[in-house]
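Here, each number is a calculation from the coordinates, and none is a lab measurement. Only a predicted model underlies this, so the values are computations on that prediction, with no experimental measurement involved. Neighbour counts run over all protein chains shown; Cβ positions are idealised from the backbone, glycine included.
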Amino acid sequence: MLRRRGHRVVFVVEESFAGSLAAKDFEERVMRLGPAPEVPEQPGQFWKDFIRDTAPVFRTSTLEQLRSFIAPTWQALVDGARYVDRRLTEIFGELEPDVIVQDNVCAFPAIPAGGRPWVRIMSCNPLEMRDPALPPTFSGLPTGDRTGWDEFLAEYETQVGELQRSFSAFCVDQGAPPLPATDMIHESPWLNLGLFPDELAYPRSARLRPTWHNLQTSVRATDDPWQPPEADGRRLVYLSLGSLGSADVELMRQLVGLLADTPHRYIVSRGPRHDEYELAANMAGAEFLPQTSVLPHVDAVITHGGNNTVTECMWFGKPMLVLPIFWDQHDNAQRVHETGYGIRLPTYALTRDRLAQAIDSLLTDSGIRDRAVAAGQRLHTRPGTVAAAELIERVARTGEPVTAG
């Protein structure tokens, strides 16, 4: 969208992704988040391996995951930010950009330290911006019941508190401001963008700063076309656990087995380990599918609850069965469930009957389906991609903060 508006757009990409944006005629600058491996790696291979090796942890509660998944993940992210800081400083010095746009969950100190206008995109669940009236981020706990909130917050401090403080000190050493208490990333003084539909919004007790703007969604329109199978009277359901969730082959095999005898058809995004399991007779799929081209053709979606898929389902008006695995997926799943735009089930405690009943509910409950359709119709009146481009352009042009209203 920015390029269409006449601007030069340069992507800073992790080295294993080199060429992926150049293939779309964008400029690239490459960086690394750690030392180069002895063997050339596939794009995003570190995180695919990380998820594969950590998969048993996902069968534990979100409280237990703080020690066994959240803390190690933060450590890996912070280590990457430390490693890449000098390289980012070099890139920004070379390019001298009018504005830097960052979409990440932890800070890159080189961005605020450089003094150039920058934009933060928060493409995760908005609980990332903590609020005392709302459940702790990563907990998946209900909004209307405070049971377990204090215990979760105390355990989060035990597992992550010291890492957060040491990373904040690193930011200061590099010339950036200290991090806000408990946070791993700064707010931008210029512009902050969230993308979470009003239909799923949380009842915050504290207002965000006026530089925060909610895009509602930010759905790409650049996926390749996709042709659905010929209609045969059965309902069509899309199954995607994301590129990382689908790396849990045991879970994918279990889902295929549970869905095989249901009276519906399934389109399956099979993921990077697609050659390690077989689909059932009522399924078709591929390693990668153009999701935004698939969604308009299906009747419901089975998802891991990643923020992209959740907001895309809302954009296309599709009810969701959410099977969360890690990170903010638990929060998204709970919010979709408690606002009536889908159903949350325990991912690793599924039974054939419970799964089948949930899918049938999504396909037959007119309340869920009507709410989803209405949300999609509203969201289409103001595409987030257009709003984002306009706001980023204003920062680049003026160098001044853009405040709501």
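Suppose every K and R has +1 on its Cβ and every D and E has -1 on its Cβ; what is the size of the dipole of segment 236-379 about the Cα centre, in Debye to the nearest 20? Present the calculation step by step, with values, prior to reporting the outcome.
On the way: 12 positive and 16 negative charges, 62 e Å.
Here the size comes out at about 300 debye.
Residues with beta-carbon under 15 Å from that of Pro135, excluding Pro135: net charge, scoring Lys, Arg +1 and Asp, Glu -1?
-4
Stick to Cα atoms and the Kirkwood definition of Rh, then tell me Rg/Rh for the chain. Can you show the working numbers first?
Values: Rg = 21.1 Å, Rh = 22.3 Å.
Using only Cα positions, Rg/Rh for the chain is 0.95.
Take the Cα atoms of segment 249-328, find their three principal axes, and give me the spread along each one in whole Å, biggest first.
31, 29, 20
Could you please tell me the mean projected area of the C-alpha convex hull for segment 1-115, averaged over all directions and given in square nanometres to one decimal? Numbers along the way, then the final one.
Values: hull surface 36.4 nm².
Result: 9.1 nm².
Using the Karplus curve 6.51 cos²θ - 1.76 cosθ + 1.60 with θ = phi - 60°, what ³J(HN,Hα) values do you get for each residue of segment 329-343, in whole Hz, with x for Gly and Pro?
Running phi through 6.51 cos²θ - 1.76 cosθ + 1.60 with θ = phi - 60° gives 4, 5, 5, 4, 4, 5, 6, 4, 5, 7, 9, x, 9, x, 10 Hz.
Where does the charge balance sit around Thr403 when Lys and Arg score +1, Asp and Glu -1, over other residues with C-beta under 15 Å from its C-beta?
Numbers: positive: Arg120, Arg207, Arg209, Arg394; negative: Glu187, Glu390, Glu400.
Around Thr403, the surrounding residues sum to +1.
Which order results if Tyr266, Tyr83, Tyr202 are arranged by neighbouring Cβ count within 10 Å, fewest first?
Details: Tyr266 24, Tyr83 14, Tyr202 18.
Ordered from fewest to most neighbouring Cβ atoms within 10 Å, Tyr266, Tyr83, Tyr202 come out as Tyr83, Tyr202, Tyr266.
Using 1/(1 + (r/R0)^6) with R0 = 25 angstrom and r between the beta carbons of Arg273 and Trp226, what's the FRET efficiency to the nearest 0.05?
It comes to 0.70.
Please list, in order along segment 245-259, the HN-Hα scalar couplings obtained from phi with the Karplus expression 6.51 cos²θ - 1.76 cosθ + 1.60 (θ = phi - 60°), rounded to whole Hz, x for Gly and Pro.
So the J values, rounded to whole Hz, are x, 6, 6, 7, 4, 4, 5, 4, 4, 5, 5, 4, x, 5, 8.
Considering only Val12, Leu363, Tyr156, whose Cα is most displaced toward the positive end of the charge dipole of the chain, charges sitting on Cβ of Lys, Arg (+1) and Asp, Glu (-1)?
With unit charges placed on the Cβ atoms, the residue in question is Leu363.
Summing +1 for each Lys or Arg and -1 for each Asp or Glu, what net charge is found among the other residues whose Cβ lies under 12 Å from the Cβ of Asp173?
Working: positive: Arg82; negative: Asp85.
Net charge in that neighbourhood comes out at 0.
Would you please calculate the Kirkwood hydrodynamic radius of segment 55-164 over all C-alpha pairs and express it in Å, rounded to one decimal? Can you show the working numbers first?
Numbers: mean 1/r = 0.0624 Å⁻¹.
Over segment 55-164, the inverse of the mean reciprocal pair distance is 16.0 Å.
Given the DSSP H assignment, sum -39500 (n - 2.57) over each helix run of at least 4 residues in the chain and divide by its residue total; what's the result at 222 nm in deg cm²/dmol, nearest 500? Please list the in-between numbers first.
Values: 13 runs with 150 residues, N = 405.
Taking each H run of at least 4 residues, the total per residue is -11500 deg cm²/dmol.
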